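**Q** Below are the structure tokens for one structure; questions will follow.
The values are calculated or read from the model by the stated rules, or taken from the named source; none is laboratory data. Computed from a predicted model, the values in this text were never measured in an experiment. Because the Cβ atoms are built from the backbone with ideal geometry, glycine has one as well, and the counts that use them run over all protein chains shown. Side chains included, ligands, DNA and RNA excluded: accessible areas come from the protein's heavy atoms. Shrake-Rupley method; radii C 1.70, N 1.55, O 1.52, S 1.80 Å.
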Amino acid sequence: MNLESKIPEGPLAEKWTNHKFNVKLVNPANKRKYDVIVVGTGLAGASAAASLAELGYNVKSFCFQDSPRRAHSIAAQGGINAAKNYQNDGDSVFRLFYDTIKGGDYRSREANVYRLAEVSVNIIDQCVAQGVPFAREYGGLLANRSFGGAQVSRTFYARGQTGQQLLLGAYSALSRQIANGKVELFPRTEMLDLVMVDGKARGIVTRNLVTGKIESHSAHAVVLATGGYGNVFYLSTNAMGSNVTAAWRAHRKGALMANPCYTQIHPTCIPVSGDHQSKLTLMSESLRNDGRVWVPATKELAEKIRKKEIHPNDLSEDERDYYLERKYPAFGNLVPRDVASRNAKYVCDEGRGVNETGKAVYLDFRDAIKRDGEDVIAGKYGNLFDMYKQITGSNPYKEPMTIFPAVHYTMGGLWVDYNLKTNIDGLYATGESNFSDHGANRLGASALMQGLADGYFVIPYTIGNYLAGEKYEKVGTDHEAFKEAEKAVKDNIDKLLSIKGSKSVDQYHKELGKIMWDYCGMSRTGEGLKKAKEMIKELRADFWKNVKVLGSNEEFNSSLEKASRVSDFLELGELMIDDALHREESCGGHFREEHQTPEGEAKRNDEDFAYVAAWEYTGPEKPETLHKEQLIFENVKLTQRSYK
Amino acid sequence: MKFKLKIWRQKNNQDKGAFKTYDLDGVSSDMSFLEMIDVLNEQLIEKDEDPVHFDHDCREGICGMCSMYINGEPHGPLKGVTTCQLHMRSFQDGETITIEPWRAKAFPVVKDLAVDRSAFDRVIQAGGYVSVNTGGTPDANEIPIPKSVADEAFDAATCIGCGACVAACKNASAMLFVSAKISQLSMLPQGQVERAERAQKMVAQMDAEGFGACTNTGACSAECPKGIDLSNIARMNREFLSAKVGSQE
């Protein structure tokens, strides 16, 4: 298989402009003859559905939640980057591009990332026009702050609820098109298969989560905007419903899955408190602007703190180790996420962790409150502080927060070309569900940027190029391909319901999550990965013999929903392990202990691994085939990432 | 900790529904309320009983999907939090806890504790937006907004659409939800063009959905997990009235 990235010719800064001119257009009067399916209503999905409907296409929009407004983009707190240079501090499109490429540890595509930086400025304009209430300065102009991995202030924010406000903006644009009759909305509906006719994506099969009704929907193109698969780890910052099913079912129909092992571990989460825990709560990374990260200087002091013999506030300056500021003086507490996370793990591995489990470090606002006053800090982070207090019972104005890394964002996803089209004609993937823009690591405030860039400003252009070459004729849902897909979906559901084993779905999910976290989490070894592969194989076999799913299909059945999703996670988990195992280097979120610099930093191998690993499904229980897309860097020099 | 749970069980929209009582032991005070139900559900599955259905997703207090009355209060006894952010340390060991779905004509029960809140979506569809197409928008800083105005609009914009306001109201009025969106957009320069039309259309849709009238008792605001202020309702009434007067000219 030849992976054609379709990167346009010409200088980097002109590629997108030239490409937009060169793509074929669909006559406005003909746009109403085309139907497009958009699965997912987060930033990428809602913005795409709204924009495509505005252009005149007939859009069907699907989400598994009860309303599009619940999509998990809503939980992104910190902010969204844009190269506006409103602060006159030396920002530019090229600098945002450069920071993103470097932050992604040189494992993303230059042309995609440049386009992302380029359209970032339009995103802010678009959202402000929609009435998104971004933070303002007293002069009425937009305020900015800085974020991990950057030395300029380019992050736009809406208190600690940026994702919420941006999503509600996209949701309102979507709502307007629903009212206009250009978008038909299907809430509480889950995509369970992709339908292909003559080698092209022509529709999907869905299950109505309330009635269990299996339905087919036909279209000229399908856009997957289904988010990430971090819930493969069970404990993560993802919403409970976030899953890989739509993308995985497309993968089983031939769409390649790229770089699945790249998982971002977010450095500032509230630590795990016990076995009952169902999810981890993220504290915004923006807290690292003012909070100082530290652990006690010695193991002995840490132990006393764990036993509650001394209080963190009692420690003198020289009893505290501000390890990020010490090791990375230039970036300090604002080092990128992978660096911050790994260093938290190291100090805890040394025995200097500060809570009962020994897996936590401090994030301390004492100095910031002394410097700026409590009111200023409350103004910036008030709701985050309240949330922290609510969950932990401890007051961060009076004592340092405790934080620990947790699974957050998946940089891998469906392989797409420059047009965001997968290797299947007519099938597109946007936002977190594709692999394209973040490389092996993601900088803070760049996920919201990608979701909206793809939805508002990329897919509306590129999908037209495809549709312009397609006939208007619709494929009826009585077509054999739809009937076959429906049958496969029903058979799979019947199978899950017929096992009637003894272990609940959650038990399998928790076991899978533990294997993934222990062996394919913050750091990996070849040996551990091989072991994990066997463990997952066994777990999967056991699942299909022993899982207990109660009830029937024809009802609102949350166990059945979960069982179907976990069965896909079990397959994806093994592919993540294979991907991590073959990549004999360390980069960004993928840290192979065998490959590190003498200082313990990630050591890339550009000679052999500067490529996208795209995996092809070859059949149940068969090893997947690896395809490589070589990454070509013409505009940046590949260097060892250093934040010192 | 140990609890007696009285939970509303209703198989589907046609079913009559009834309370069922469960005893639950071994609850940690660090568990969230939903994690406590997760534990109960694992035990029910063990006994081949249908687990309790409830809506939930982000479990960070932001998505607005979790709902349910706990001891007669939407989202439970604590002020300013959603059910997912309520922890068992807020309850007394041995307590009996009554758990019910939102009760409102406009929010029909789907199953057990899950209700259909799509009426809210239809109210937003009636005009809760600024009509702007993608692309061709002016530079963001060409629309300066005084910080105090932006902050006030933001306070209204924090509504998560959970429906607690409707559930708390004896008339099941949706005034707080609707007024939050009308307020946000009426304060911002971007929302001015459609201001009058928006107020009329959203109010009309709210009535059409079967939400009750507002009697200014303030239960909605008191129970709102995001602290949406009652003054938004006053603002909405002004917007609606001036829209009515304006349209007659």
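**Q** List the residue pairs whose Cβ atoms are under 8 Å apart, where the first residue sits in segment A:63-91 and is within 12 Å of another protein chain (Cβ to nearest Cβ), the second is among the basic types (Lys, Arg) and not in a loop (DSSP other than H, G, I, E, B), and the two are 6 or more positions apart or on different chains.
**A** A:Cys63/A:Arg70
**Q** Would you mind finding the one in B:Ser179, B:Ser186, B:Ser131 that is among the hydroxyl-bearing types (Ser, Thr, Tyr), in contact (Cβ under 8 Å) with a residue 40 or more places away in the chain and more than 11 Å from every other protein chain (Cβ to nearest Cβ)? Give the steps one after another, and end with the answer.
**A** Numbers: B:Ser186 fails: more than 11 Å from every other protein chain (Cβ to nearest Cβ); B:Ser131 fails: more than 11 Å from every other protein chain (Cβ to nearest Cβ).
Exactly one residue qualifies, and that residue is B:Ser179.
**Q** Please find, among A:Ser502, A:Ser523, A:Ser558, A:Ser552, the residue that is in contact (Cβ under 8 Å) with a residue 24 or more places away in the chain, polar (S, T, N, Q) and under 23 Å from A:Asp275 (Cβ atoms).
**A** Details: A:Ser523 fails: under 23 Å from A:Asp275 (Cβ atoms); A:Ser558 fails: in contact (Cβ under 8 Å) with a residue 24 or more places away in the chain; A:Ser552 fails: under 23 Å from A:Asp275 (Cβ atoms).
Just a single option satisfies the conditions, and that option is A:Ser502.
**Q** Just for segment A:286-303: of the residues that are open to solvent by 10 Å² or more (accessible area, probe 1.4 Å) and at pLDDT below 95, which one is nearest to A:Ala445 (Cα to Cα)? Can you show your working first?
**A** First, the residues of segment A:286-303 that are open to solvent by 10 Å² or more (accessible area, probe 1.4 Å): A:289-290, A:292, A:297-301, A:303.
The next check asks that each one be at pLDDT below 95; those that pass are A:289-290.
Working: A:Asn289: 13, A:Asp290: 17 Å.
By that ranking, first place goes to A:Asn289.
**Q** With a cut-off of at least 1 residues that are farther than 30 Å from B:Lys147 by Cβ, name the helices (runs of 4 or more DSSP H) lying wholly within segment A:302-413.
**A** Working: elements: A:323-327, A:337-349, A:366-372, A:374-392.
Ranges flagged: A:323-327, A:337-349, A:374-392.
**Q** Which of the numbered conditions does A:Ser559 fail, given that it passes all the others? Conditions: (1) open to solvent by less than 20 Å² (accessible area, probe 1.4 Å); (2) more than 14 Å from every other protein chain (Cβ to nearest Cβ).
**A** It fails just one condition, (2).
**Q** For the subset of segment A:270-285 comprising residues that are of a type in the set (D, E, K, R) and under 24 Å from A:Gly444 (Cα atoms), which member is farthest from the other protein chains (Cβ to nearest Cβ)? So that I can check it myself, show each step before the final result.
**A** Restricting attention to segment A:270-285, the residues satisfying the condition of being of a type in the set (D, E, K, R) are A:275, A:279, A:285.
With the extra rule that they be under 24 Å from A:Gly444 (Cα atoms), the set shrinks to A:279, A:285.
Numbers: A:Lys279: 5, A:Glu285: 15 Å.
If we take residues in segment A:270-285 being of a type in the set (D, E, K, R) and under 24 Å from A:Gly444 (Cα atoms), then A:Glu285 is farthest from the other protein chains (Cβ to nearest Cβ).
**Q** Scan segment A:128-154 for residues that are more than 21 Å from the chain's Cα centre (by Cα) and either among the hydroxyl-bearing types (Ser, Thr, Tyr) or in a helix (DSSP H, G or I) (or both) and jot them down. Before you say what the answer is, go through the steps one by one.
**A** First, pick out the residues of segment A:128-154 that are more than 21 Å from the chain's Cα centre (by Cα): A:128-145, A:151-153.
Hits for segment A:128-154 are A:Val128, A:Ala129, A:Gln130, A:Tyr138, A:Ser153.
**Q** Just one of (1) crowded, with 24+ Cβ neighbours inside 10 Å; (2) out of contact with any Phe, Trp or Tyr (no Cβ under 7 Å at 6 or more places or on another chain); (3) more than 14 Å from chain B (Cβ to nearest Cβ); (4) under 30 Å from A:Ser5 (Cα atoms) trips up A:Phe147, so point out which.
**A** Evaluating A:Phe147 over (1) crowded, with 24+ Cβ neighbours inside 10 Å; (2) out of contact with any Phe, Trp or Tyr (no Cβ under 7 Å at 6 or more places or on another chain); (3) more than 14 Å from chain B (Cβ to nearest Cβ); (4) under 30 Å from A:Ser5 (Cα atoms) leaves (4) as the failure.
**Q** Has segment A:499-512 got any residue that is closer than 30 Å to A:Asp198 by Cβ and open to solvent by 80 Å² or more (accessible area, probe 1.4 Å)?
**A** Checked against the condition, which is being closer than 30 Å to A:Asp198 by Cβ and open to solvent by 80 Å² or more (accessible area, probe 1.4 Å), segment A:499-512 yields no hits at all.
**Q** Sticking with this structure for a sec: Taking segment A:491-525 only, how many residues are more than 14 Å from every other protein chain (Cβ to nearest Cβ) and of a type in the set (S, T, N, Q)?
**A** Counting residues in segment A:491-525 that are more than 14 Å from every other protein chain (Cβ to nearest Cβ) and of a type in the set (S, T, N, Q) gives 4.
**Q** Which numbered condition in (1) in contact (Cβ under 8 Å) with a residue 12 or more places away in the chain; (2) more than 9 Å from chain A (Cβ to nearest Cβ); (3) over 22 Å from B:Ala219 (Cα atoms); (4) not β-branched (Val, Ile, Thr) is the only one that B:Gln92 fails?
**A** (1)
**Q** Read through the list (1) out of contact with any helix residue (DSSP H, G or I) (no Cβ under 8 Å at 6 or more places or on another chain); (2) of a type in the set (Lys, Arg); (3) within 10 Å of another protein chain (Cβ to nearest Cβ); (4) open to solvent by 20 Å² or more (accessible area, probe 1.4 Å), then give the number of the only condition that B:Arg117 fails.
**A** Here B:Arg117 meets the rest and fails (4).
**Q** One residue is enough: does segment A:188-200 have a residue meeting the conditions part of a loop (DSSP other than H, G, I, E, B), among the small types (Gly, Ala, Ser) and at pLDDT below 95? Please lay out each step first, then the result.
**A** Residues of segment A:188-200 part of a loop (DSSP other than H, G, I, E, B): A:188, A:198-199.
Applying the additional criterion that residues be among the small types (Gly, Ala, Ser) yields A:199.
Still in the running and at pLDDT below 95: none.
Scanning segment A:188-200 turns up no residue that is part of a loop (DSSP other than H, G, I, E, B), among the small types (Gly, Ala, Ser) and at pLDDT below 95.
**Q** Among what's in segment A:120-129 and is out of contact with any Ser or Thr (no Cβ under 6 Å at 6 or more places or on another chain) and open to solvent by less than 10 Å² (accessible area, probe 1.4 Å), pick the residue that is farthest from the other protein chains (Cβ to nearest Cβ). Walk me through how you get there before you give the answer.
**A** So in segment A:120-129, the residues out of contact with any Ser or Thr (no Cβ under 6 Å at 6 or more places or on another chain) come out as A:120-124, A:127-128.
Narrowing the set further to residues that are open to solvent by less than 10 Å² (accessible area, probe 1.4 Å) leaves A:120, A:123-124, A:127-128.
Working: A:Ser120: 12, A:Ile123: 9, A:Ile124: 5, A:Cys127: 8, A:Val128: 4 Å.
The extreme case among them is A:Ser120.
**Q** Right, here's the next one. Among the residues in segment A:237-245, are any at pLDDT 90 or above, away from chain B (no Cβ under 14 Å) and buried (at least 19 other Cβ atoms within 10 Å of the Cβ)? Quick ask: steps written out before the conclusion?
**A** Just the residues of segment A:237-245 that are at pLDDT 90 or above, to begin with: A:237-245.
If we keep only those that are away from chain B (no Cβ under 14 Å) too, we end up with A:244-245.
With the extra rule that they be buried (at least 19 other Cβ atoms within 10 Å of the Cβ), the set shrinks to A:244-245.
There is at least one residue in segment A:237-245 that is at pLDDT 90 or above, away from chain B (no Cβ under 14 Å) and buried (at least 19 other Cβ atoms within 10 Å of the Cβ).
**Q** Quick one: count up the residues across segment B:7-38 that are of a type in the set (A, V, I, L, M, F, W, C), in contact with a His (Cβ under 6 Å, 6 or more places away or on another chain) and modelled with pLDDT of 95 or more. Explain how you work it out, then say what you get.
**A** Residues of segment B:7-38 of a type in the set (A, V, I, L, M, F, W, C): B:7-8, B:18-19, B:24, B:27, B:31, B:33-34, B:36-37.
Still in the list and also in contact with a His (Cβ under 6 Å, 6 or more places away or on another chain): B:31, B:34.
Still in the running and modelled with pLDDT of 95 or more: B:34.
Result for segment B:7-38: 1.
**Q** Does B:Glu152 meet the test of being in a helix (DSSP H, G or I), more than 10 Å from every other protein chain (Cβ to nearest Cβ) and open to solvent by 20 Å² or more (accessible area, probe 1.4 Å)? I'd like the intermediate steps shown before the answer.
**A** Working: in a helix (DSSP H, G or I): yes; more than 10 Å from every other protein chain (Cβ to nearest Cβ): no; open to solvent by 20 Å² or more (accessible area, probe 1.4 Å): yes.
So B:Glu152 fails the test.
**Q** Among (1) facing chain A (nearest Cβ under 8 Å); (2) over 12 Å from the mean Cα position of the chain (by Cα); (3) in contact (Cβ under 8 Å) with a residue 24 or more places away in the chain, which single condition is B:Gly161 missing?
**A** Every condition holds for B:Gly161 apart from (2).
**Q** Same structure, new question: Output the number of residues of segment B:18-51 satisfying the condition of being more than 9 Å from chain A (Cβ to nearest Cβ) and under 23 Å from the mean Cα position of the chain (by Cα).
**A** Within segment B:18-51, residues that are more than 9 Å from chain A (Cβ to nearest Cβ) and under 23 Å from the mean Cα position of the chain (by Cα) number 2.
**Q** Among (1) at the interface with another protein chain (Cβ under 9 Å from one of its Cβ atoms); (2) open to solvent by 20 Å² or more (accessible area, probe 1.4 Å); (3) at positive phi; (4) not acidic (Asp, Glu), there is one condition A:Gly181 misses while meeting the rest; what is its number?
**A** Here A:Gly181 meets the rest and fails (1).
One line per residue, one yes/no per condition, for (1) surrounded by fewer than 22 Cβ atoms within 10 Å (Cβ to Cβ); (2) out of contact with any Gly (no Cβ under 6 Å at 6 or more places or on another chain):
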position	(1), (2)
A:Ser273	yes, yes
A:Gln277	yes, yes
A:Leu282	no, yes
A:Ile310	yes, yes
A:Asp314	yes, yes
A:Ala340	no, yes
A:Asn355	yes, yes
A:Phe365	no, no
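**Q** Which numbered condition in (1) surrounded by fewer than 24 Cβ atoms within 10 Å (Cβ to Cβ); (2) touching a helix residue (DSSP H, G or I) at 6+ places or on another chain (Cβ under 7 Å) is the only one that A:Ile424 fails?
**A** Checking A:Ile424 against (1) surrounded by fewer than 24 Cβ atoms within 10 Å (Cβ to Cβ); (2) touching a helix residue (DSSP H, G or I) at 6+ places or on another chain (Cβ under 7 Å), the one that fails is (2).
**Q** Just to check your reading of the model, which residue among A:Gly160, A:Gly169 is within 25 Å of A:Asp66 (Cα to Cα), in a loop (DSSP other than H, G, I, E, B), open to solvent by less than 10 Å² (accessible area, probe 1.4 Å) and more than 8 Å from chain B (Cβ to nearest Cβ)?
**A** Working: A:Gly169 fails: in a loop (DSSP other than H, G, I, E, B).
The unique qualifying residue is A:Gly160.
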